[in-house]
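The values are calculated or read from the model by the stated rules, or taken from the named source; none is laboratory data. These numbers were taken from a predicted model, which means no experiment stands behind them. FYI the Cβ positions are ideal-geometry reconstructions off the backbone, even for glycines, and counts take in every protein chain you see.
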Amino acid sequence: MLTCDDYITPASLDEAFDAMAAHRSHYRIVAGATDTLPWAREGRAGDVHIPVLIDVTKIHELLHISVGDKRVRLGAATPIQRFLDDTNLARSLPAMPRCAVWFADDQIRAQATIGGNIVNASPAADATPCLIAHEAEVELAKKSGGKITRRRMKLDQFVTGPNRTELEEGELLVGVECDALPGCGGSFEKVGHRRSLVISLVCLATLVKLDGKGRYIEDVRLSIAGIGPKPLRLNEIENFLRRGPVSAERFNQAADMPVSLVASRTRQEYRREVVRGFVLRGLINAARAAGAKPDTLTPELEAAYA
């Protein structure tokens, strides 16, 4: 059983930081709290007691979403469900709706937050690869000397390893800002040990932008998780594909490139097979969503979906 002495729901960042200062080293921040019970139970035989839980979901700034022409800002307490409910958000972040569909079940998706998925820093986190592909930056805040100060850093630098981030003592993740890419086709591929409530063995986010004729790649972005200690951006594949034609031959060559990156401690051979298939299928799905001409990829479709 998980118990606490006090459950605090601050209405502002000032109140949240004051509560954190008053209960230093004796609190845990929660938003959706969907990871809190599994965290408490992992490796423990008895009850777990946390003196103070500080719930940040009443703070307006952490719930605010702003969709602009070039950038999207997500409050850290944005539920994963928003990527299915908000059409403007889904259009600007085209890999995220498919990611949200794969994300646990309806109840958890309505509670789980984008900030929690980032801060948890799982090597197989679902949302993090999508956001990295969108050049995401995290906004971090803390209160010092009575004033709230903020800093920003790239998401792929913020996550440093399994369950490790650059978050400092007394600091909160308050928002995420990333590229708006409404002209791209998006894809999200994921596999796990079972068909529902899946924890990823491998997951891949793919974004593709094509020329006006749907035959050449103007831009492409890929990010993968589950094959090592932290999510990776697949820059080498992007550079290989960018400004080249949409073709089965080229996509097959790209699919071979990241196989050697698999560095997980278990099931390496299986993951290598999955990675190759996911890159191929992700590129095909994203290119089709971006308007690729059907004849450019037809020979590979059957193999990619086998």
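List every residue pair whose Cβ atoms lie under 7 Å apart, where the two residues are 6 or more positions apart in sequence or sit on different chains, the first residue falls within region 78-95 and is over 21 Å from residue 132 (Cβ atoms), and the second residue, located anywhere, is polar (S, T, N, Q).
Hits for this filter: zero, empty list.
Among the residues of region 144-180, write down those that are farther than 19 Å from residue 78 by Cβ and either among the aromatic types (Phe, Trp, Tyr) or touching a Pro at 6+ places or on another chain (Cβ under 6 Å) (or both).
If the condition is that a residue be farther than 19 Å from residue 78 by Cβ and either among the aromatic types (Phe, Trp, Tyr) or touching a Pro at 6+ places or on another chain (Cβ under 6 Å) (or both), then 161, 162 are the ones that fit.
So residue 151 passes all but one of these: (1) out of contact with any helix residue (DSSP H, G or I) (no Cβ under 8 Å at 6 or more places or on another chain); (2) not in a strand (DSSP E or B). Which condition number does it fail?
(2)
Could you say which residue among 237, 217 is under 30 Å from residue 162 (Cα atoms) and either modelled with pLDDT under 90 or not assigned by TED's automatic domain parsing to the domain that holds residue 92 (or both)?
237
How many residues, within region 1-30, are of a type in the set (Asp, Glu) and either touching a Gly at 6+ places or on another chain (Cβ under 7 Å) or over 15 Å from residue 141 (Cα atoms) (or both)?
2
Which of the following residues is at pLDDT 90 or above, part of a helix (DSSP H, G or I) and buried (at least 23 other Cβ atoms within 10 Å of the Cβ): 283, 222?
283
In region 231-246, what count of residues is obtained for those that are part of a loop (DSSP other than H, G, I, E, B) and either in contact with a Phe, Trp or Tyr (Cβ under 8 Å, 6 or more places away or on another chain) or buried (at least 19 other Cβ atoms within 10 Å of the Cβ) (or both)?
Summing the residues that are part of a loop (DSSP other than H, G, I, E, B) and either in contact with a Phe, Trp or Tyr (Cβ under 8 Å, 6 or more places away or on another chain) or buried (at least 19 other Cβ atoms within 10 Å of the Cβ) (or both) in region 231-246 gives 5.
Would you pick out the residues in region 138-156 that are exposed (fewer than 13 other Cβ atoms within 10 Å of the Cβ) and within 14 Å of residue 20 (Cα to Cα)?
Passing the criteria: 144, 146.
What single numbered condition from (1) closer than 26 Å to residue 102 by Cα; (2) at pLDDT 95 or above fails to hold for residue 70?
Tallying (1) closer than 26 Å to residue 102 by Cα; (2) at pLDDT 95 or above, residue 70 fails exactly one: (1).
Please verify whether region 248-258 includes one or more residues that are assigned to a loop (DSSP other than H, G, I, E, B), within 27 Å of residue 163 (Cα to Cα) and at pLDDT 85 or above.
So far as region 248-258 goes, yes, one or more of its residues are assigned to a loop (DSSP other than H, G, I, E, B), within 27 Å of residue 163 (Cα to Cα) and at pLDDT 85 or above.
Restrict the check to region 45-52 and report whether at least one residue is surrounded by 15 or more Cβ atoms within 10 Å (Cβ to Cβ), within 25 Å of residue 136 (Cβ to Cβ) and either under 17 Å from the mean Cα position of the chain (by Cα) or at pLDDT 90 or above (or both).
The answer is no; no qualifying residue exists.
Scanning region 71-103 for residues that are within 23 Å of residue 158 (Cβ to Cβ) and touching a Ser or Thr at 6+ places or on another chain (Cβ under 8 Å), which turns out surrounded by the most Cβ atoms within 10 Å (Cβ to Cβ)?
Per the stated criteria, the residue is 95.
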